[in-house]
Amino acid sequence: MRTIKAAAAAALLSLPFLPLPSAAEAATTPPMGWSSRSLGCSVSEQSVRQAADALASLAPLGYRYVIIDDCWLAAQRDGGALAPDAARFPGGIAALAGYVHGKGLKLGLSLSAGTKACSGGGPGSYRSEAADAAQVKAWGVDYVKYDWCSVPTADFPGKNVQQIAQALYPPMRQALGPDVVFAMNNEDGSTVPWLWGKDAGATTWRTNVYNRPIADSYATMVDLWETNQLRAEYAGQGSWADPDLIQAGRGGMTETEYRTQFTLWAMGAAPLILQAAPAQAPASVVANPKVIAVDQDPLGAHGTLVKSDGWFHVLSKPLAGGDRAVALFNESDRAAVVSTRLGGRHRVEDLWSGAVTATTDELAAQVPAHAALLYRVSKNREQAPPVVTFEADPPRFLGDDRPATLEPGVTGELVTRVTNTGATARLRDVEVTAQAPEGWRIEARTPARTSRLDGGETFTVTWAVTAPAPGTYEVTFRYGDRTATAVVLVAKAPGSGRTYLSDLAWTRATNYFGPVEKDTSNGERAAGDGRPLTIEGVTYAKGLGTHAPADIEFYAGGRCTAVEFHAGIDDEVGAAGSVGFEVWADGGRVAYSGLLTGAMPARKVTAPVEGARFVRLVATNGGDNATSDHADFADATITCK
């Protein structure tokens, strides 16, 4: 590791902090492409060429950058110069850049502002910014992702992390010049790059507040989007807020959730950099030219929230030429109507389905759980059918996030609603049909057809539904070429008397490490890897083994009276761990164990659950780390009528 004296560090801090307006020429719209991050240190010259071959078919849509994210460097410099790892990149970077350019694409590399690369053991560019920039440019590199790793903060006494970052990033930006995309990847929130990245000439700047890559999960994606929205005021033409890579094709989310990420990233004028292999990224998500056009719009605006109640969000983004993009995002676990006022008559194009409608003011739709719908809205008076809101199983109350619930063999009800929301013309011959899973019975209890539906009117149909067996199902309803889907949970309540909860099927369960285990402790990995439930030397044959935080839900059907268990931390973690045990009946907590540690005996918990439709057992972390929180619900039972 090389260090510098305080005087040299002070010189870096005193470098002129000049805006570079010409830097926007390198990327007049947010960069699009592919990153090798998923490959880690298995990346190679061959894998990069394969990615370039596959990405070439997406180039007409704007995907241009093939970015090698770490592990390309040799462990040591060669005569003071950067060198590629000879085993992974035997042909060298210049030849690879030539190959990528021959595909009509551009090459990107990662470098580090510190003394070492983030992965792979190669050298950083600390105090070698000018030489390293000249070298990668000579190789033909078009994009540099500048990481924040192994930064020698001790060389900058009295300076905070932000000040150090402001000293280390501009020299590389200026050395690269305006023709190279400069992606500031200092994702440690304390460097606050959104406050100064544009003035530093950054093409993009990371908006994470944790120094770690995005996980391929819905919850993480939403968290990063919310953080990114807080930086919207700082983003704009030529300097883009970067909430991290597009996950579509990796397998951790549903296609609906991947489409949501793509929609939210497009509304934020974010870089669209694929993490999955280009051949694996679903075209239905990443190759929609009209959605990409929203991201790549020349105006470069970052979409902002029009309204939000925490679960349901409306975003608006002005577009060049006077149009605007509007996204309706349902963050919750249940389909719900999301709406906004547009003010006056508008043409409305659904950019995912292609449907064109018109409205005199309101734009509304039933948005599936975890989904985002995207519209292009314009003020022309084109003749088009009115916006229609078609709902299946609307929520019963604000915040209702449970699916409709039926018991096997017991007839229940579902409701559909068709609303002439756009009010630009009368709807005629409105008919709703239903398609249920095999073995179900479904029939309309009220008329399923009406001859007319004027502007603002709603047509409601009540359906009698009988399901044969437990499980989670979808019931599809159709009106013309529109569909609405109800997610239905079919669950059986416990029988009369006292039943062990580990002998019942839960309706849903979450657990910090591994699955919840029945009649054993939590083994943290695959199902069935636990041990006998043991608390302070007492072994229990029955119960639920979890790792806090955990949440296990059971259907009680309003026919149960009490839940009982012995709460404690399993002996397998010794005296470590701290957990609180709770019981919830529908929306309220009805019992709490108090804080228990691994050095304490089991504590009996009895909870009244009279009349509750759903009962939840919850293990909460005690406020420290979750490493040893093996929370046992020993001898857990429910008593029902």
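State which residue pairs qualify: first residue more than 14 Å from residue 296 (Cα to Cα) and inside segment 309-324, second residue part of a loop (DSSP other than H, G, I, E, B) in any location, beta carbons under 6 Å apart, and separation of 6 or more residues or different chains. Close Cβ pairs (under 6 Å, with a partner that is part of a loop (DSSP other than H, G, I, E, B)) amount to 311/331; 311/332; 315/303. Might you check whether a residue that is basic (Lys, Arg), open to solvent by 40 Å² or more (accessible area, probe 1.4 Å), outside any strand (DSSP E or B) and farther than 26 Å from residue 217 by Cβ occurs anywhere in segment 364-379? The answer is yes, given that some residue of segment 364-379 is basic (Lys, Arg), open to solvent by 40 Å² or more (accessible area, probe 1.4 Å), outside any strand (DSSP E or B) and farther than 26 Å from residue 217 by Cβ. When segment 58-91 is filtered for residues that are over 23 Å from residue 278 (Cβ atoms), open to solvent by less than 30 Å² (accessible area, probe 1.4 Å) and outside any strand (DSSP E or B), the ones remaining, listed by number, are 74, 82, 83.
If the condition is being of a type in the set (A, V, I, L, M) and crowded, with 17+ Cβ neighbours inside 10 Å, then segment 416-466 contributes 418, 423, 427, 430, 432, 434, 436, 442, 448, 453, 461, 465. Counting only strands (runs of 3 or more DSSP E) that sit completely within segment 408-462, those holding 1 or more residues that are of a type in the set (S, T, N, Q) correspond to 412-420, 433-435, 449-453. Looking at segment 40-55, can you tell me whether even one residue there is crowded, with 24+ Cβ neighbours inside 10 Å, over 16 Å from residue 279 (Cβ atoms) and more than 27 Å from the chain's Cα centre (by Cα)? Scanning segment 40-55, I find no residue that is crowded, with 24+ Cβ neighbours inside 10 Å, over 16 Å from residue 279 (Cβ atoms) and more than 27 Å from the chain's Cα centre (by Cα), so the answer is no. Across segment 527-549, the number of residues qualifying as at positive phi, assigned to a loop (DSSP other than H, G, I, E, B) and either modelled with pLDDT under 95 or crowded, with 17+ Cβ neighbours inside 10 Å (or both) comes to 1. Checked against the criterion of being under 33 Å from the mean Cα position of the chain (by Cα), modelled with pLDDT of 95 or more, of a type in the set (S, T, N, Q) and assigned to a strand (DSSP E or B), segment 615-630 contains one or more residues that satisfy it. For residue 330, state whether it is within 21 Å of the chain's Cα centre (by Cα), buried (at least 18 other Cβ atoms within 10 Å of the Cβ) and closer than 30 Å to residue 56 by Cα. Taking the combined requirement at face value, the residue does not satisfy it.
Consider residue 120 carefully, then state whether it is open to solvent by less than 30 Å² (accessible area, probe 1.4 Å), touching a helix residue (DSSP H, G or I) at 6+ places or on another chain (Cβ under 7 Å) and at positive phi. It is false that residue 120 is open to solvent by less than 30 Å² (accessible area, probe 1.4 Å), touching a helix residue (DSSP H, G or I) at 6+ places or on another chain (Cβ under 7 Å) and at positive phi.
Taking the conditions exactly as written (among the charged types (D, E, K, R) and at pLDDT below 95), does residue 524 satisfy them or not? Yes; evaluated as a whole, the condition is true for this residue. Of the residues 138, 131, the single one that is touching a strand residue (DSSP E or B) at 6+ places or on another chain (Cβ under 8 Å), without any contact (Cβ under 8 Å) to a residue 60 or more places away in the chain and surrounded by fewer than 17 Cβ atoms within 10 Å (Cβ to Cβ) is 131.
One residue stands out among those in segment 385-399 that are at negative phi and exposed (fewer than 15 other Cβ atoms within 10 Å of the Cβ): the one that is modelled with the highest pLDDT, which is 396. Condition (residue is open to solvent by 60 Å² or more (accessible area, probe 1.4 Å), farther than 11 Å from residue 617 by Cα and either outside any strand (DSSP E or B) or not hydrophobic (A, V, I, L, M, F, W, C) (or both)) applied to segment 556-563: is it met by at least one residue? Yes, segment 556-563 contains a residue that is open to solvent by 60 Å² or more (accessible area, probe 1.4 Å), farther than 11 Å from residue 617 by Cα and either outside any strand (DSSP E or B) or not hydrophobic (A, V, I, L, M, F, W, C) (or both). Candidates are the residues of segment 92-108 that are assigned to a helix (DSSP H, G or I) and among the small types (Gly, Ala, Ser); the one that is most open to solvent (accessible area, probe 1.4 Å) is 102.
Per-residue answers, yes or no, for (1) open to solvent by 10 Å² or more (accessible area, probe 1.4 Å); (2) under 26 Å from residue 172 (Cα atoms):
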| position | (1), (2) |
| --- | --- |
| 195 | yes, yes |
| 217 | yes, no |
| 240 | no, yes |
| 248 | no, no |
| 251 | yes, no |
| 256 | yes, no |
| 271 | no, yes |
| 282 | yes, no |
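The values are calculated or read from the model by the stated rules, or taken from the named source; none is laboratory data. These numbers were taken from a predicted model, which means no experiment stands behind them. No Cβ is skipped: glycine too gets one built from the backbone with ideal geometry, and neighbour counts run over all protein chains shown. With ligands, DNA and RNA removed, areas are computed over all heavy atoms of the protein, side chains included. Shrake-Rupley method; radii C 1.70, N 1.55, O 1.52, S 1.80 Å.
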